[in-house]
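Everything on this sheet refers to the single structure shown next.
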Amino acid sequence: MSPVFPTVREVLALVPVRHGAPRLVAGDAGLDRPVRWVHVAEVPDIATLLGGGELVLTTGIGLPADDAGLRAFIGDLADVGVSGLVVELGRRYVSGVPRVMAAAAERRGLPLVELRRATPFVRITEAVHALIVDAQLTELRATEEIHQRFTELSVEGAEPTEVLRQAAELAGCPVVLENLSRQVLAYDPAGESAELLLDGWEQHSRQIRPAGRTAYDPDSGWLVTTVGARGQDWGRLLLRWPAAEATPPTRLTILIERAASTLALGRLIRRDAEGLERQIHRTLLTALIDHSRPVDEVALRAKALGVTLDRRHLVGVVVRHRADDAAGDAADLPEDSGPARLRDLAEAVGAALREAKLTALTSAVDDQAVGALLALPDPADEEKALAAFAAALRRVRLDAAPVRPPAVRPTRQGDPGARGGSSGAVARSVDAVTRPSVVVAAGSGVGSLREARRSLVEARQIAEAARRDPRDLPCFRLPHVGLAGLLHLLRDEPRLQTFVERELGPLLAYDAQHPREQLLGTLRAYLEQGRNKSAAASAAHLSRPAFYERLARIGRILDADLDSVEQCLSLHVALLALDAVRTP
């Protein structure tokens, strides 16, 4: 029965009842029973007309005269579940209720109260019923707010953390969302200690076994409901209601079921995008990179999810597509190929981590890359773990989808690229096939979660710097990317940005005014081909005279001698720095 109803103790404190000078003669153990209604009765067989939870008022004039009859009367009331019995003295009983009645009530734990002063019963019933109606109205308003709040959350597509925050706020109790493996996906401690709430959660959760899809387990003090839709359950939502108190009110059952429905609906909406566990991984990984959450909170939530980050050797890893993959066949790809390709890469990284038996937080970190924070028990395992992950990722990606060779456009005599010949096109095609389509990069290992951001950022910078590296390395580290890596580490340095503007500013301004020419690409081809003009013209798909004319124009714009090794070196460094600065 819901505790929205007043208890016998609260009824005895009402003014009309206190006017009757009440005295409890038996059954003090039942004073906290809720009173669902007040019923006036003067017949001995009234129990057959009651449903339980009533407070019975009587003058006793119709009660049995014998002891056996009084015992039976009290037993019938207790059996039907009445909340208490109030007897007004003066009409049948003058000095007090019979001792046999008091003894029977005490044995059954039924509160028995004497009113030693005459009191109109109507005033008592009015006062109690008004209290009940007010409580029910309050409950109705709370239920209405629950429905309104979770309807808004469903429409807005709120994240699980927000749904639980609202549930905990409305209930005033801790709320936990777990998956079927008893791992915590989200929680809100409602102002209590999160450490105590989640300590030994899996073992504790397996002892919570309510009967039914939504039920209260009084032994543990948790109200539990199953989360899922369309016959596919994927978790449980638990709300802690102290076992020492009464059964949770109806509004909390409504609340937890509405919260579970909101979570299930959100899961269905986001199912095609990513799993709920992956969302939590993304939230925690992003929090480390952006400093948006305290490190201790990230560690606690990760541990609840099954990823222990405390007292571990942490290594940031970033896996990203190479730059030319994104543009190479854009015309042949559907509009949503970018998100789909990133989702496939995230799934491949997750599968590789499982195959390599590595523990990590992992999620997409931008539109092209997937990050992972490896948690290793021993720093000596770092190189071995990275090699195992890289090998597993290559196997997973080869099993999932073989690399499709790009189409080779045949060249004709007179085309700008004819100078390079078909052999150049075939070579570029073969290079596109054999060159690995993704880059695996790892930052320096760190010994605490507070330093994890440095490792993750370093891994991202190494991955960006290695995009154009033709080598097929299992895992790129900082020494592998050389100058490009150094420039990526310094990309936010104002002096580096000033250097880029000083060296390339006039050419960038010219390209902005003449978008069809894009002389910066011509300069890049010239420098990347080691100042070999013939090879550079072929790489730029230009005839030699046209390429030479463009080089001369670049030299005039930059006021630079493009035959000078020193000046070309400076321009090449500026180009690499520009790539680093432009990297999102």
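The values are calculated or read from the model by the stated rules, or taken from the named source; none is laboratory data. Being a predicted model, the structure only gives us computed values, none of them experimental. No Cβ is skipped: glycine too gets one built from the backbone with ideal geometry, and neighbour counts run over all protein chains shown. Ligands, DNA and RNA are excluded from the accessible area calculation, which covers all protein heavy atoms including side chains. Shrake-Rupley method; radii C 1.70, N 1.55, O 1.52, S 1.80 Å.
Assuming 0.36 nm per residue, please report the length gained on full extension of the stretch Asp79 to Arg582 beyond their Cα-Cα distance. Let's see the in-between values first.
Numbers: separation 503, 0.36 × 503 = 181.08 nm, distance 7.99 nm.
In short, 173.1 nm is gained.
Need one number: nm distance between label points at Ala65 and His204, each 7 Å from Cα along Cα→Cβ, rounded to one decimal.
So the label points at Ala65 and His204 sit 6.3 nm apart.
Just to be sure I understand, if you calculate Rg and Dmax of the Cα atoms in Å for this structure, which of (1) 38.0, 127; (2) 28.4, 91; (3) 29.0, 95 do you get?
Computed from the coordinates, Rg and Dmax of the Cα atoms in Å corresponds to (1).
At 25 °C and 0.890 mPa s, grab the translational diffusion coefficient of segment 177-306 from Stokes-Einstein with a Kirkwood Rh over Cα pairs, rounded to a whole number in µm² per second. Write down the numbers at each step before the final one.
Numbers: Rh = 15.7 Å.
Rounded, D is 157 µm²/s.
Run lengths n ≥ 4 of DSSP H only: what is the helix-derived mean residue ellipticity at 222 nm for the chain, with -39500 (n - 2.57) per run over all residues, to the nearest 500? Could the numbers behind the result be given before it?
Numbers: 22 runs with 292 residues, N = 584.
Value at 222 nm, helices only: -16000 deg cm²/dmol.
Starting at 0 and stepping by 5 Å, how many percent of the alpha carbon pairs of segment 532-584 end up in each bin?
Once binned at 5 Å, the Cα pair distances of segment 532-584 give 4, 18, 21, 24, 21, 9, 3, 0.
Order Asp367, Asp561, Asp32, most accessible first, counting only protein heavy atoms with a 1.4 angstrom probe.
Values: Asp367 130, Asp561 75, Asp32 100 Å².
Heavy-atom accessible area, descending, gives Asp367, Asp32, Asp561.
Spin-label point model (7 Å from Cα, Cβ direction): what's the Ser193 to Glu549 distance in nm?
So the label points at Ser193 and Glu549 sit 8.0 nm apart.
In terms of solvent-accessible area of protein heavy atoms at a 1.4 angstrom probe, what is the ranking of Thr359, Thr226, highest value first? Intermediate values should be presented prior to the final figure.
On the way: Thr359 60, Thr226 35 Å².
My answer, sorted largest first, is Thr359, Thr226.
Setting aside same-chain residues fewer than 8 positions from Lys303, which lysines have a Cα under 21 Å from its Cα?
Those lysines meeting the cut-off are Lys357.
Rounded, prolate or oblate: which one fits segment 125-175, using the alpha carbon gyration tensor with axes a ≥ b ≥ c (rounded when a/c is under 1.5, else prolate when a/b beats b/c, else oblate)?
Working: a/c = 7.68, a/b = 2.49, b/c = 3.08.
Oblate shape, in that a/c is at least 1.5 and b/c is the bigger or equal ratio.
Leaving ligands and nucleic acids out of the surface, order Trp222, Trp241 by accessible area at 1.4 Å, largest first. Don't skip to the answer; put the middle values down first.
On the way: Trp222 5, Trp241 35 Å².
Final ranking, largest accessible area leading: Trp241, Trp222.
State the extension gain, in nm to one decimal, for the chain segment bounded by Ala380 and Val133, taking 0.36 nm per residue of separation less the distance between their alpha-carbons.
On the way: separation 247, 0.36 × 247 = 88.92 nm, distance 6.91 nm.
Once the chain is fully extended between Ala380 and Val133, it gains 82.0 nm.
Does segment 1-105 come out rounded, prolate or oblate by the C-alpha gyration tensor, with a ≥ b ≥ c the root eigenvalues, rounded set by a/c under 1.5 and, if not, prolate when a/b is larger than b/c and oblate if not? Let's see the in-between values first.
On the way: a/c = 1.69, a/b = 1.24, b/c = 1.36.
It comes out oblate by the Cα gyration axes.
Compute the relative contact order of the chain as a whole-number percentage, counting only Cα pairs closer than 8 Å that sit 6 or more residues apart in sequence. Walk me through the numbers before you get to the answer.
Details: 936 pairs, mean separation 54.4, N = 584.
Relative contact order, the chain: 9 percent.
Grab the beta carbon distance between Val565 and Glu145, set R0 = 60 Å, and tell me the FRET efficiency rounded to 0.05. All intermediate terms of the calculation are to be shown ahead of the outcome.
On the way: r = 75 Å, r/R0 = 1.25.
Once the sixth-power term is evaluated, E becomes 0.20.
Taking a temperature of 4 °C and a viscosity of 1.567 mPa s, what whole-number D in µm²/s does Stokes-Einstein yield for segment 439-577 with Rh from Kirkwood over alpha carbon pairs?
Numbers: Rh = 16.7 Å.
It comes out at roughly 78 µm²/s.
What accessible area per residue, rounded to a whole number of Å², is obtained for the chain using a probe radius of 1.4 Å?
Ligands and nucleic acids excluded, the figure is 50 Å² per residue.
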